[in-house]
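Below: the structure, in structure tokens.
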Amino acid sequence: MAITIAQELDELRARSLYRKLRTLDSPQQTAVEIAGRKMVNFSSNDYLGLATEPILREAAKAAIDEYGVGSGASRLVCGTLKPHVRLEEKLAEFKRTEAALSFSSGYAAALGALGALCGRDDVIILDKLCHASLIDGAKLCGAAVRVFPHNHLGKLESHLQWAQENHPDARVVVVTESVFSMDGDWALLPEIIEIKDRYGALLLLDEAHAVGVIGQHGRGLADQLGLVGRVDIQMGTLSKALGVSGGYICGGRRLIELLINRARSFVYSTAPPPASAAAALAAIEFMLAPIGEQRRQTLRENLARFADEMPHLFKNGRKIMSAIIPIVLGPAEAAVEASQLLAEKGYFVPAIRYPTVARDAARLRVTISAKHSTKQIRSVCELLRNISA
Ligand SMILES: Cc1ncc(COP(=O)(O)O)c(C=O)c1O
């Protein structure tokens, strides 16, 4: 007999893998209120504080006044609203590509792009630490999937050789993230590009956690390394440093044309609200303006402050590479206990457990924002030092 839903939930609780929603009584910012308690928030991907930025709020309000709150249907069915078009033109300019297409989320962008590019006769090769949206996109499209250990160039190359020998007519897509969402480190991008080029494969690079943080004007890792022209498909989300909601794919004009025709999460889904597109456009304009650079500079200073306070995390030449800092504790119970202890002291630092990370690699995931004060960073570090010493 199948186990009941209640038994399944009990099992999750017994393994410290049960998750529950916490309602915020405040906006998503560095100081939040949860169940009547004020907490300092080190859990958000809003690295620049744009989720509550007045310029973005105003852009969303103006779009609501002009266009209303809904988009009516899929853009292919009922026409495309101006805010989506303007956003995509700006995204293409920002990411220095020919064209761009926006989706209702980064998750939808991953599913849509991989499903449009690959089917049963194709091959997708992923880094083992790729985000669930990329894994799900690869699995759903029915392609042959191969996984290489994190940043393992030799294994990547042997998968490409295997694809060449066993699927000579396949479209082969290599998938990686520029900044890994649970580890904060970078893909070995120049090396991966050199290898995929030798095998004539395409590269999908998910810049979700790099945009806004890395590269000139926060354009991402490909831009920082001067490799934009050699990344075939740039994916990203509007929901992290850009502070809003939605996802995108940037690339060549033909790629975007194909996605408009074939990406099921685009074709068969109502367009995101025009207000989200307008706010995301304002976020990119913010990043391109001097205020964006100032905000990123503050983020860099906060990250340096965190690294100074936690030198034992950055030994043996290990550097702070992004706004994500994992503190790996091992068992799920240890991460949950540490997160609860911090919560009791007024700090919201999430425990990340299986299946988001490997079973024995549960961790605290600390994210730093430009909006954290020096005092907030120093005091969380004081507590974290006891946990991670
Ligand atoms: C690396 C990565 N890619 C994609 C996504 C999905 O983006 P979104 O939250 O916009 O669906 C996320 C966010 O959870 C992510 O961390």
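The values are calculated or read from the model by the stated rules, or taken from the named source; none is laboratory data. Treat the numbers as computed from the prediction; the structure is a model and nothing was measured. A quick note on method: Cβ atoms are made from the backbone with ideal geometry, for glycine too, and the neighbour counts reach across all protein chains shown. Please note that ligands, DNA and RNA were not included when accessible areas were found on the heavy atoms of the full protein model with its side chains. Shrake-Rupley method; radii C 1.70, N 1.55, O 1.52, S 1.80 Å.
Some observations on this one:
- The chain - accessible surface per residue (Å², probe 1.4 Å): 46
- Packing, taken as the mean count of other beta carbons within 10 Å per residue, orders the peptides 329-342, 213-226 from highest to lowest as 213-226, 329-342.
- Surface share of carbon and sulfur [accessible, 1.4 angstrom probe, percent] for the chain: 52
- Normalised by the number of residues in segment 153-288, the average gap of Cα pairs under 8 Å and 6 or more apart makes the relative contact order 17 percent.
- In Å, descending, principal axis extents of the Cα set of the chain: 56, 53, 53
- At full extension, ASN261 and GLN294 could sit 7.9 nm farther apart than now, given 0.36 nm per residue minus the alpha carbon distance.
- Legend: residues TYR347, TYR47, TYR18, sorted from most to least accessible area (1.4 Å probe; ligands, DNA and RNA excluded), read TYR18, TYR347, TYR47.
- Calculated SAXS-style log₁₀ I(q)/I(0) at q = 0.12 Å⁻¹ - segment 101-177, Debye, Cα scatterers: -0.31
- Hull shadow area, averaged, segment 1-90 [alpha-carbon convex hull, nm²]: 11.3
- In the structure shown, the pairs LYS139/LYS196; LYS61/LYS375; LYS319/LYS375 are assessed against 25 Å; a Cα-Cα span above that value is assigned to LYS61/LYS375.
- Equivalent ellipsoid semi-axes - Cα gyration tensor, segment 60-102, angstrom: 21, 14, 6
- Solvent-accessible area of HIS150 with every protein chain in place, 1.4 Å probe, in Å² to the nearest 10: 60
- Summing charges over all other residues whose Cβ lies under 11 Å from the Cβ of ILE3, with Lys and Arg as +1 and Asp and Glu as -1, gives -3.
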